[in-house]
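Structure, as structure tokens:
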Amino acid sequence: MVAGYCRAGQLSAARRLAAAVPVPPNAYTYFPVVRALCARGRIADALAVLDGMPRRGCAPIPPMYHVILEAACRGGGFRSAVRVLGALHDRGCALDAGNCNLVLNAICDQGSVDEAVRLLRNLPSFGCQPDVVSYNAVLKGLCMAKRWGDVEDLMEEMVRVECPPNIVTFNTLIGYLCRNGLFERVHEVIAQMAEHGCTPDIRMYATIIDGVCKEGHLEVAHEILSRMPSYGLKPNVVCYNTMLKGLCSAERWEEAEELLAEMFDKDCPLDDVTFNILVDFFCQNGLVDRVIELLEQMLEHGCMPDVITYTTVINGFCKEGLIDEAVMLLKSMAACGCKPNTISYTIVLKGLCSAERWVDAEELMSQMIRQGCAPNPVTFNTLINFLCKKGMVEQAIELLKQMLVNGCSPDLISYSTVIDGLGKAGKTDEALELLNVMVKKGMSPNTIIYSSIACALSREGRINKVIQMLDSIQDATIRSDAVLYNAVISSLCKRGETDRAIEFLAYMVSSGCMPNESTYTILIRGLASEGFVKEAQEMMSELCSKGALRKHLMQHFGIV
């Protein structure tokens, strides 16, 4: 009954019932209450339940401590968890290393490894001694912080206090060394393993092979793979896949084929990962014919293509311009027991847009929604970008509205693309209206958006409106961004209004934004294009003498 009240969210009723049961309660009477309170982040109330239990003749149990500490780590960060640890100890709770290790891991995951070291040292004050799991948690944190010297010191301490490292310890160290390219240290660590009675396992060798491959030492990686049987270990599919991925990434296909033959010879079955590596390699290199063969081979080997496989192939087809094949494969996925996801649809939609097949894209978008696959901002932005590039701004605005209908909020890219499209279509006032809509929704426009509107206004000769807009910008970072002012100066120069561009330069400086090399480059080009070659030369010479412009640009412009 207590548990039922907790599941129904009626915690007050659950607590009253637990306190009033006519038979002697035990810890399991109160456990559902503690768990429900912790699920809601009510740590103080959970501790209060523990305080009331002795009055009913029952004592708390260790699983309760674990639940409370887990909630403290999740909700209030490691400092809150350490305080709760202290609170439990003060209540006389018999804490064990497992409870403390939970907090240690949380501290390291939050990147506060010094706090973790401090707690490791203080564990005896909580009534428990650190074990190998405690040390491993801190070692992992030190490795993540790239503090190799401290790692070595802690390893020595483990031996000194008779808490010898185990296979997890060495896997952690070797993973760190491989990720940081410290392969010369790997041999030292493997030698230490033998001293502590640990034997390298398959996982460790897979980690080493992966690290060596990522550093580009493929010959060394293959030698390690070949020597594994001499250490009493048979390479598994994970080891082979790691090596295969390295060879494919380096485009060493002949060696990859030899490795595949070796897998067959050594009776190492291929899995989904093996095929996904090959599919990705073929698609990246435009070998779509080989991809179709691979999909057939997957079925022969008892492997079912998953959504990653299909999406990779679809992407390969689109890159090669085989849009019809991509659409066909997308539609056949469901028949093969694999439901397309948002990424699959988005890739095909992008392909259709690239092929200027807007009607087909609209139809596919509708099908996507009918199939219960919700479009995300990337999906909508792909179509919006295409429409704006083609000058179909009204349709783009309609899509912006559809985003909200489909539970998808337009993001900065959505607004930026449409505002730019409106500006280029000469609909600057509509662009300004959309800017206001965006601001009212609590979104902060960026330099790109302001530059688009400023360029559009400049093209229409509305410089006063540009200045009015710039004066209204509150963000100091945007106000001091030369890119924004350069966009206006460039637009004026293209209109043949270099004199106004020079006036705008004065406004730029008065606004606290200093011109950069691009600013001067735009102005010099503008002067030269209007026939003021002498003025352009003089300006360039003066700027070069002051170090504001590099001298080699004089020849680049071809006006000296």
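Computed quantities for the displayed model
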read-out: Cα-centre dipole for segment 391-495 with unit charges at Cβ (Lys and Arg positive, Asp and Glu negative), debye to 20; value: 240 debye
read-out: With every protein chain in place, the chain: carbon and sulfur % of accessible area (1.4 Å); value: 52 percent
read-out: Alpha-carbon Rg/Rh ratio, for segment 165-268, with Rh computed the Kirkwood way; value: 0.97
read-out: Ranked by how many other beta carbons lie within 10 Å on average, peptides 125-137, 179-191 from highest; value: 125-137, 179-191
read-out: Mean accessible surface per residue for segment 420-546, computed with a 1.4 Å probe while every protein chain stays in place, in Å²; value: 49 Å²
read-out: Summed residue charge, Cβ within 15 Å of Pro235's Cβ, Lys/Arg positive, Asp/Glu negative; value: -3
read-out: Helix 463-472 vs. the chain, principal-axis angle (Cα, 0 to 90°, nearest 10); value: 20 degrees
read-out: Trypsin sites (Lys or Arg not before Pro) restricted to segment 418-465 and DSSP loop, no more than 11 other C-beta within 10 Å; value: Lys441
read-out: Convex hull volume of segment 421-557 per residue (C-alpha atoms, cubic angstrom); value: 108 Å³
read-out: For the chain: span of alpha carbons on each principal axis (Å, largest first); value: 95, 66, 59
read-out: Between segment 479-506 and segment 289-339, the Cα center-to-center distance that results, in Å; value: 51 Å
read-out: Computed [θ] at 222 nm, helices only, for the chain once each DSSP H run of length n ≥ 4 contributes -39500 (n - 2.57); value: -22500 deg cm²/dmol
read-out: For segment 118-141 versus segment 398-442, the gap between their alpha-carbon centres in whole angstrom; value: 54 Å
read-out: Accessible surface, segment 165-268, averaged per residue in Å² (probe 1.4 Å); value: 51 Å²
read-out: Principal-axis tilt of helix 27-39 within the chain, Cα atoms, nearest 10 degrees; value: 10 degrees
read-out: Over segment 270-374: Kirkwood hydrodynamic radius from C-alpha pairwise inverse distances, Å; value: 13.8 Å
read-out: Unit charges on C-beta of K, R, D, E only; dipole of segment 165-268, Debye; value: 440 debye
read-out: Within segment 428-484, GluC sites (Glu not before Pro) in DSSP loop having at most 16 other beta-carbon neighbours inside 10 Å; value: Glu460
read-out: Net dipole in debye of the chain [+1 Lys, Arg Cβ; -1 Asp, Glu Cβ; about Cα centre; nearest 20]; value: 2620 debye
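The values are calculated or read from the model by the stated rules, or taken from the named source; none is laboratory data. All figures in this text were calculated on a predicted structure; none of them were measured in a lab. Neighbour counts run over all protein chains shown; Cβ positions are idealised from the backbone, glycine included. Surface areas here come from the heavy atoms of the whole protein model, side chains and all, with no ligands, DNA or RNA. Shrake-Rupley method; radii C 1.70, N 1.55, O 1.52, S 1.80 Å.
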